[in-house]
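Taking it in order: structure first as structure tokens, then the write-up.
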Amino acid sequence: MSLAGDVRVRRAGRGDAPVLLAMLVALSRLHGREPTIGLETFERDGWDEPARFEAWIAEAADGAPVGFVQGFPKYASWTGGEWFFVANLWVEPDHRSGGVGAALMAAVEAHARATGRARIELTVARDNPAVGFYKRLGLTDRGDYRMALDLARL
């Protein structure tokens, strides 16, 4: 298990796409799904303009990738303003419970604040153990599998 202090989180670049895609495949399979996106499409969608998503990668002290988070901005038409939707968060099994997920989510929060987003939102199945993790980070249950962190109230 790695501790968050031993992990570096940085914005992912095009060169990270193969590693991110491999982690995305692992996440998809964990949920019983087989992804159909290929590397070329993943690279285009993440790094060609306009980028369809933003991503961060967590690396151990030796540079080995240990997790990633991926998401994109959304517009709140009822209230105005943008928020950030976390689509995927993955931490390699041997590095869970060591602060890697929290460090990745902290990077998302810093980005959301820096870009004026009013909220971070994600969806998670109620039987997923990650619900407790997200609650510890301050996200609140919005119902319908949605959890959110309202940045304006913090």
| Test: residue 19 is touching a residue at least 60 places away in the same chain (Cβ under 8 Å) and either more than 20 Å from residue 130 (Cβ to Cβ) or among the β-branched types (Val, Ile, Thr) (or both) | no
| Which one of 114, 87 is without any contact (Cβ under 8 Å) to a residue 12 or more places away in the chain, surrounded by fewer than 21 Cβ atoms within 10 Å (Cβ to Cβ) and of a type in the set (A, V, I, L, M, F, W, C)? | 114
| Residues satisfying the stated conditions in segment 28-58, i.e. under 15 Å from the mean Cα position of the chain (by Cα) and modelled with pLDDT under 95 | 28
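The values are calculated or read from the model by the stated rules, or taken from the named source; none is laboratory data. Remember, it's a predicted structure, so these values are computed and weren't measured experimentally. Note that each Cβ is placed from the backbone with ideal geometry, even for glycine, and that neighbours are counted across all protein chains shown.
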